[in-house]
Every structure is written in structure tokens, then in C-alpha cells.
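**Q** Dumping the structure here so I can ask a few things about it.
Every number in this text was worked out from the coordinates using simple rules, so none of it is lab data. From a predicted model like this one, the values you see are computed outputs, not experimental measurements. Every residue, glycine among them, receives a Cβ derived from its backbone with ideal geometry; neighbour counts consider all protein chains shown.
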Amino acid sequence: MYDYIVVGAGFCGSVIARKIAEELGKKVLVLEKRKHIAGNMYDEFDEYGILVQRYGPHTFVTNQKELAEFVKKYGEWRDYDVTARVEIDGNLMPIPFNFRSIELFYGKEKSAVLIDKLKKAFPGQARIPVYMLTDNTDPAIQEYGKLLFEKDYIPYTSKQWGIPPEKIGASVIARVQIALSYDEKYMQQTYQMMPEDGFTKIFHNILNHKNINVQTGTDALDMITADGAEHRVLYNGHEIPVIYTGPIDELFGLKYGRLPYRSLDIVFQTKDMDYFQSVAFIAYPQANGYTRSCEYKYLTGQKVNGKTTLSIEYPLQYDPNALKGNIPYYPVINDENRKKYQQYKNLADKFQNLYVCGRLGDYKYYNMDAAIERALEVFNQIKA
Ligand code: FAD
Ligand code: UDP
């Protein structure tokens, strides 16, 4: 018999399972709906021998040394800086937008004036969200902000989320900021790394413990019931602590209605060449239907001659019953959805033996480091 049930083998579930098994010496059963561990970080070799991430490209970034040290316990990692470009009006430009982007948009003379104004308007600030440009009182800075909105942020965000940008939380657009320099680094975090042997191997090592049993291909909701009258969660009729990292609305039978999630159709293409694009990522705000391409050999550092595999992301509405778009990738962050989530959260809080967490459980736009941090926090609650 098990002491704890963990639902989901992504970072949140796997880290909690490991901590319970190792530090509390308790037996854990991990139930995972997909046929494999590693959640959205799952990677595998495709038919051409190229390591690809089936649920979209992931790179590990964090400012927290402890989190970088934590993942290093479970495998070899190498330092890796993400480089990206954005295609605008048929030209590839740096992203983050930086002073070189300004030169490409406006030419030498006008750009020198604008760069000077930006330096004076935002002294000592390395990066700012795009709306700080449009909110500025200087007409030239405003004009540049409007240009970026029109050429990139509005079309990209509308396509990514399926709703106009003003209906999506400002924090989402602020994830990709404007650099007030010639800096081309896509991410700013102190630690930026990729696992030497892929993410799935890291998960295998996290879950490899004598107190952990993993059952893949198993929908936990076939075995777990949330007993509303008693406020207990039951696993096959038994009361046992459950850590749930799936969508919180599905745990409660959509009682307050479905929480919206955004999904992706990720299309893979293999080309007969060493490399297809010049960098790992290209964003396509103006393209029809797709937002981003990733060429995996840049991420993994893998050497394969004459073949290269890319993924292209087509955003879709999440629909659990559809053939495409049946994976809830992103919570759709705005005030309305936060309120609905809060109803589920208030209900979950009444259940003594239930811990809900993760990107889907907390309905938060966690990066991997934040998911691990949250897992460690929940483990401390369990321990206490
Ligand atoms: P998940 O990885 O989603 O794990 C939840 C698990 O629960 C899943 O495996 C799911 O199958 C399982 N589950 C759900 N319901 C049930 C059920 N009923 N029964 C059993 N199992 C169930 N983060 C970064 O830090 N860097 C990046 O570069 C990055 N790139 C990303 C790119 C894309 C396209 C996407 C979508 C996300 C990206 N992220 C990135 C975010 C990253 O994927 C999340 O931070 C991470 O997946 C969160 O882990 P989690 O455990 O909360 O969720
Ligand atoms: N974004 C944009 N243009 C870009 C890249 C990003 O407008 O070229 C906005 C868009 O709203 C997107 C958000 O920034 O949803 C976050 O982008 P990020 O690359 O962080 O998305 P993720 O990697 O999480 O899919």
C-alpha cells in the first residue's frame, strides 16, 4: 500500500514524489496520464536520430542558484544561451528588440536620435516591457512602441492566445522585453542550461528511487474522487494524501465551468541539411497560423550530419476531446479566469488530504524553475 499518491510526472509531481520518498521515507505512487514521464519536458529521438521535445522547446533558466544546483543532482547539464530572431516584413531581426532593431527599422540617422532619447528616458534600465514605450510622453518613443505593437506584439499575442492582447494579462507580454542596449541574449537569467542527455533522462533519475512506483498511461481521475460532502479525496475508495498537478477544474468535475487553457499543434519537419535556420528560435508574428519555429540541434548541441529537425507551433483552443489541441499547455491569465480559478482553489483548500500545485493545478504561467520551487514549497507543507 502507498502512503502518498502523486498525480502527474512533470517537474512539480516528480520533485514532490522524490522528496517524499527520500526525506520522509514514505511509499509514493505516481500516476501519469501520458504514456511517458517528464510532462511537457518529454524528449525522445525521432526517426532520424535527432533529440526532439515533443511538447515544444524547453531550456532551463533561473536566477536561483539552489534550483540550478537541485537539477544538477539528477544529471549532467551544459551552459546554453538561447538565441532567437523574429521575422518582420520578410527580414530577420534580433529578439529581444534592441538598439540594432531600431537601426534596422529606422536607418542610422533617425535611430541615433531615438537611442539617445531611450537612454535618457530609462536611465540604468537594461530591459523594459513594451508598454513602457507607448506610455512614454515623448512622441518618438511612443511611435517606436506603437511600431513594435503593430508589427509584432499585437499579431503574435492575438495568434498565440486567440483573443485580443488587451484581454491577456500584461505580465504575459512582459515576458519578452525590449533591451535598451545591443544585448541579443533572449533570456536574462543567471543560469541558462540544457541537460546533456535530454530532459527525460533527468526525470528518470528523479523518479528512480526504491520508494517510488510510476504508473504511466493512467488517468488518475478514474481512481480518484473528490468527496464534496466530507471534503476528502479518495483513491480507490481509501483516504490517502493526494498531490494533484493536473488541471484543477477537471479534478472537481468542472463544477464552476471549464478554465480556459491554450493548446498547440506542434508540427515536426526534418530537412536534408546540416542546419536550416541561423538560430535556435524564430518568431513569426506575421505568419499565417504559426508563431514560432525551433531547430533542436541548436538546443541540444547534437551533431548529426545532413539532417535537422524543427518544430513549428500552431496555437489552438484547448479541447480535451479534439484530435489536435487536446493538451492544456498554457493557463489563459486574465482577471475573469483568475476569479474562476479562485473558486476552485477555495474548494480545494477545504480538502484536508489534498495538495494542488503545478502550472495546471495553480493555474499559473510557471517556468520550470518556478514549478520546481513550488514543488519544494508544497513538500515543506506536507512535511510540516
Ligand atoms: P506539466 O509538465 O504539465 O505536468 C503535469 C503532468 O500531469 C502532465 O504530464 C500531465 O499529463 C499529467 N496529468 C494531468 N492530468 C492528469 C490526470 N488526470 N491523471 C494523470 N496525470 C495527469 N519553461 C521553462 O522554464 N523554459 C522553457 O523554455 C519553457 N518552454 C515552454 C514551451 C512550451 C511550448 C510550453 C507549453 C511550456 C514551456 N515551459 C518552459 C513551461 C514548462 O513546460 C512548465 O513550467 C512545466 O511543464 C511545469 O511543470 P508541471 O509539473 O507543473 O506541469
Ligand atoms: N510575444 C510576442 N512576440 C514575440 C514573442 C513573444 O508578442 O515575438 C509575447 C506573446 O504575448 C507571448 C508572450 O510574449 O505569449 C510570452 O512569450 P514567450 O516566448 O515567453 O512564450 P512561451 O515560451 O511561454 O511560449
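**Q** What's the exposure ranking of His209, His238, going from fewest to most Cβ atoms within 10 Å?
**A** Fewest-to-most Cβ neighbours within 10 Å comes out as His238, His209.
**Q** Hey, got the dipole for the chain? About the Cα centre, +1 on K and R Cβ, -1 on D and E Cβ, debye to the nearest 20?
**A** On the way: 47 positive and 48 negative charges, 69 e Å.
For this selection, approximately 340 debye.
**Q** Now for a different question. Under the definition of Cα pairs under 8 Å and six or more residues apart, what whole-number percent is the relative contact order of the range 201-343?
**A** 23
**Q** Among Tyr80, Tyr363, what is the fewest-to-most ranking by other Cβ atoms within 10 Å?
**A** Numbers: Tyr80 19, Tyr363 25.
So the residues, fewest neighbours to most, are Tyr80, Tyr363.
**Q** Which pairs in the list Lys350/Lys383; Lys255/Lys345; Lys119/Lys159; Lys339/Lys364; Lys35/Lys324; Lys151/Lys339 are over 21 Å apart, alpha-carbon to alpha-carbon? Mind dumping the intermediate values first?
**A** Values: Lys350/Lys383 19 Å; Lys255/Lys345 12 Å; Lys119/Lys159 32 Å; Lys339/Lys364 13 Å; Lys35/Lys324 17 Å; Lys151/Lys339 32 Å.
Pairs exceeding 21 Å: Lys119/Lys159; Lys151/Lys339.
**Q** Now, a different point. With a Förster radius of 51 Å, plug the Cβ-Cβ distance of Ala140 and Tyr275 into 1/(1 + (r/R0)^6) and report the FRET value to the nearest 0.05.
**A** Calculated transfer efficiency: 0.85.
**Q** OK, next. Cut-off is 10 Å between beta-carbons; in what order do Val279, Val6 appear when sorted fewest neighbours first?
**A** Val279, Val6
**Q** Students often forget the sequence filter, so: which aspartates and glutamates lie under 17 Å Cα-Cα from Lys201 once same-chain residues fewer than 8 apart are removed?
**A** Once the sequence-local aspartates and glutamates are set aside, what remains near Lys201 is Glu32, Asp43, Glu44, Asp46, Glu69, Glu76.
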